[in-house]
1. Taking the options I41, I35, I50, name whichever one is at pLDDT 80 or above and either under 23 Å from I235 (Cβ atoms) or in contact with a Gly (Cβ under 7 Å, 6 or more places away or on another chain) (or both).
2. In the list A60, A14, which residue meets the criterion of being modelled with pLDDT of 90 or more and part of a helix (DSSP H, G or I)?
3. Filter the range 42-74 down to the residues that are over 30 Å from T197 (Cα atoms) and in contact with a Ser or Thr (Cβ under 8 Å, 6 or more places away or on another chain), then identify the one that is surrounded by the fewest Cβ atoms within 10 Å (Cβ to Cβ).
4. Can you tell me which residue is modelled with the highest pLDDT among those in the range 63-88 that are over 20 Å from T216 (Cα atoms) and among the hydroxyl-bearing types (S, T, Y)?
5. Tally up the residues in the range 127-147 that are free of Cβ contacts under 8 Å to residues at least 40 places away in the same chain, of a type in the set (S, T, Y) and not in a loop (DSSP other than H, G, I, E, B), please.
Amino acid sequence: MNFLYAFPVASQKASSTDLSLWETVTHSGPVVFGILMLLIIFSVVSWAIIAFKVAALRKATTQSALFLDAFWQSGRMDAIYGRVEEFQASPVAAVFKAGFRELQRVMPKAGEAREAGGDMLGGAENVERAMRRASGAQLTVMESLIPFLATTGSTAPFIGLLGTVLGIMKSFGEIGKIGVASLATVAPGISEALIATAAGLFAAIPAVIAYNYFNTRIRVLGAEMDAFAADFMNIVRRHFMGGSSGGGH
């Protein structure tokens with residue numbers, strides 16, 4: 001009989017202490033629960049940015065490679081300019097577009113200066129300046145939304161730590177009211193507190209990894225834009241500002 005009476009008591013204790021993760025979150029205090037919701041929002045937004053940027057940078061890389069192949073295989077700049085809309089996601093194509101438009105604008109003035117025996121370097125500088133502005137604009141577009149990942153990576157662990165500290169303070173406050181410091185009394189509050197730290201790390205780690213990865217990809221694309229701009233300016237100075245005529249490269 002003693003065994004029969006002891007069995008349900010043990011079962012009741014097990015059910016009262018064996019809380020699921022969701023039950024632990026929902027039974028946490030309002031402050032800790034609010035911190036957990038904030039970290040969940042940070043994580044969801046970060047993953048949305050990661051998915052968007054992975055697709056955008058992959059498309060930019062692919063189309064930049066296709067544009068460079070088309071550019072060097074083409075016999076005329078005006079021909080590749082007519083196809084530039086095929087590479088709208090390519091930052092290199094955007095730099096070429098800005099440079100060629102400025103070249104078309106300054107060519108009449110360069111022709112007049114050449115006939116008059118004047119200096120044509122001003123036209124080349126205008127083209128270079130237009131390409132530099134286009135490159136900066138493309139870098140700004142590629143770097144958009146990425147600072148949020150840096151913010152998440154740097155602040156989410158501290159926000160989670162704040163939730164942990166508040167949860168532990170709440171647990172010790174309840175221990176002081178009850179006057180008993182048993183494991184059954186301390187464990188639920190400590191588990192609630194540690195969930196906040198885990199949530200902060202869960203939000204921060206992917207954000208930091210993605211931030212570093214995207215910065216690397218953007219630096220590569222930036223180097224490609226700089227290299228193309230230098231090659232383009234060599235072509236402009238040799239064929240358009242150096243006395244020879246024609247639209248080829």
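1. On the way: I41 fails: either under 23 Å from I235 (Cβ atoms) or in contact with a Gly (Cβ under 7 Å, 6 or more places away or on another chain) (or both); I50 fails: either under 23 Å from I235 (Cβ atoms) or in contact with a Gly (Cβ under 7 Å, 6 or more places away or on another chain) (or both).
Exactly one residue qualifies, and that residue is I35.
2. Just a single option satisfies the conditions, and that option is A60.
3. Of the range 42-74, the ones over 30 Å from T197 (Cα atoms) are 55-74.
Pick out the ones that are also in contact with a Ser or Thr (Cβ under 8 Å, 6 or more places away or on another chain) and you get 60, 63-64, 66-67.
Numbers: A60: 25, Q63: 18, S64: 23, L66: 16, F67: 25.
Among them, the one singled out is L66.
4. Y81
5. Adding up the residues that qualify gives 1.
The values are calculated or read from the model by the stated rules, or taken from the named source; none is laboratory data. Just so it is clear, the model here is predicted, and its values are computed rather than measured. Note that each Cβ is placed from the backbone with ideal geometry, even for glycine, and that neighbours are counted across all protein chains shown.
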